[in-house]
Amino acid sequence: MPKSLLKPCPFCGGDVTVDYNSYTKAFFVACDNGECELCVNTLPCKTAEQAIKTWNKRADN
C-alpha cells in the first residue's frame with residue numbers, strides 16, 4: 001500500500017503501515033515509530049481500504 005495514501009501518525013508525525021493479523025483475520029493501520037508513546041493503531045477492519053479510511057478520518061477533515 002503506498003504510504004502516500006496514509007496520513008502520518010497524528011502524535012509523532014511518523015510513517016504508518018497497513019498490516020494484516022492472520023489470527024484475527026483483520027487489517028489495521030499502525031504507527032511505525034516504536035518510540036511513539038501512544039502506539040496508535042486503528043481498530044481491526046475487514047479490508048485494507050476500510051482501515052485506511054478509518055485511519056485518515058480526522059477532526060481536521
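The values are calculated or read from the model by the stated rules, or taken from the named source; none is laboratory data. Since this is a predicted model, take the numbers as computed values, not measurements. Here Cβ is always computed from backbone atoms with ideal geometry, including for glycine, and neighbour counts include all displayed protein chains. The area values use the complete protein model at the heavy-atom level, side chains included, leaving out ligands, DNA and RNA. Shrake-Rupley method; radii C 1.70, N 1.55, O 1.52, S 1.80 Å.
Points worth noting:
- Scope the stretch 17-40; condition modelled with pLDDT of 90 or more and aliphatic (A, V, I, L, M); matching residues: VAL18, ALA26
- Within the stretch 4-35, the set of residues being assigned to a loop (DSSP other than H, G, I, E, B) and closer than 12 Å to LYS46 by Cα comprises SER22, THR24, LYS25.
- Cβ-Cβ under 7 Å pairs, at least 6 apart or on other chains, the stretch 44-61 side among the charged types (D, E, K, R), far side surrounded by 13 or more Cβ atoms within 10 Å (Cβ to Cβ) and modelled with pLDDT of 90 or more: LYS46/ALA26; ARG58/LYS7
- For the stretch 41-61, the set of residues classified as over 13 Å from LEU6 (Cα atoms), open to solvent by 90 Å² or more (accessible area, probe 1.4 Å) and at pLDDT 90 or above consists of LYS46 only.
- Within the stretch 20-40, the set of residues being surrounded by 15 or more Cβ atoms within 10 Å (Cβ to Cβ) and charged (D, E, K, R) is empty.
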